[in-house]
Amino acid sequence: MNDTAYVRELAALAPIIPVLVVEDVAHAVPLAEALVRGGLPVLEVTLRTDAALDVIAAMATVKGARVGAGTLVTVEDVAAAQKAGSTFGVTPGSPAFLIDACLEAGLALLPGAATATEAMTLQARGFEVLKFFPAEGAGGIKTLKGLSGPLPMLSFCPTGGVTPENARDYLSLSNVVCAGGSWIAPSSLVKAGKWAEIEERARHAAALPR
Ligand code: 3PG
């Protein structure tokens, strides 16, 4: 099933999806609590650390958190992310085998696209909200503006190079529903347990207009 309604619901919850790289499962709950308190309940946990699946499972217990798995690149990632308690997945790109696996698993998906052809391929499969990745590297705001004319049915979550400085400009675009970024909870702050600072960063991000 292609759960566009759930992805739209997630995108509407907050303007920013924090992209998280967490190495220690002990950090999972306090980090998720800080982000939810700060107004960012949708959390993308990248599958780039050995602890990531345990982190997803722990964060899924936090009230109000909507936890998803990022960096899904293999069929095995899809099954593992779902088993750990992810309610959605995020992919950097959209090879057919991976999209097939997510659809077969019934995992709501924010699939990655960087070009018109990739976006159109996903649109043909029923996806309406796409991750635009890597946002800055793929032309950023200019590319998104260019896509809005011929592909008005598509909405994007730009991720990759989105910063507190340019987030406002991305969010002002008609075809941007939210954006992803790692600046809210960078590894340095997570490792140091700076939950109050992360909450403050989340609060600022949550207040961004769109
Ligand atoms: C990533 O690849 O980690 C995400 O796209 C986040 O990118 P960022 O660090 O530029 O926000």
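Mind giving me the FRET efficiency for Thr61 and Arg8? R0 is 22 Å, r the Cβ-Cβ distance, nearest 0.05 is fine.
0.30
If each DSSP helix of 4+ residues adds -39,500 (n - 2.57) and the sum is divided by the residues in the chain, what number results at 222 nm, nearest 500 deg cm²/dmol? Numbers along the way, then the final one.
Details: 10 runs with 88 residues, N = 210.
So the helix-based figure for the chain works out to -11500 deg cm²/dmol.
Rounded to the nearest Å, what's the spacing between the alpha carbon centres of region 47-112 and region 6-20? Just the number, please.
14 Å
Along region 177-194, what does the Karplus equation 6.51 cos²θ - 1.76 cosθ + 1.60 (θ = phi - 60°) give for ³J(HN,Hα), rounded to whole Hz, x for Gly and Pro?
9, 6, 9, x, x, 9, 5, 5, 9, x, 3, 4, 6, 5, 4, 7, x, 7
Across bins of 5 angstrom width beginning at 0, how are the C-alpha pair distances of the chain distributed, in whole percent?
The percentages, shortest bin first, are 1, 8, 18, 21, 21, 16, 10, 4, 1, 0.
Using only Cα atoms, locate the centre of region 180-208 and the centre of region 121-159, then give the distance between them in Å, rounded to an integer.
Region 180-208 and region 121-159 have Cα centres spaced 26 Å from each other.
We did not get these values from a lab; they are worked out from the coordinates using the rules stated. Bear in mind that the values here come from a model prediction, so they are computed numbers and not experimental data. With ideal geometry, Cβ positions are generated from the backbone for all residues, glycine too; neighbour counts draw on all protein chains shown.
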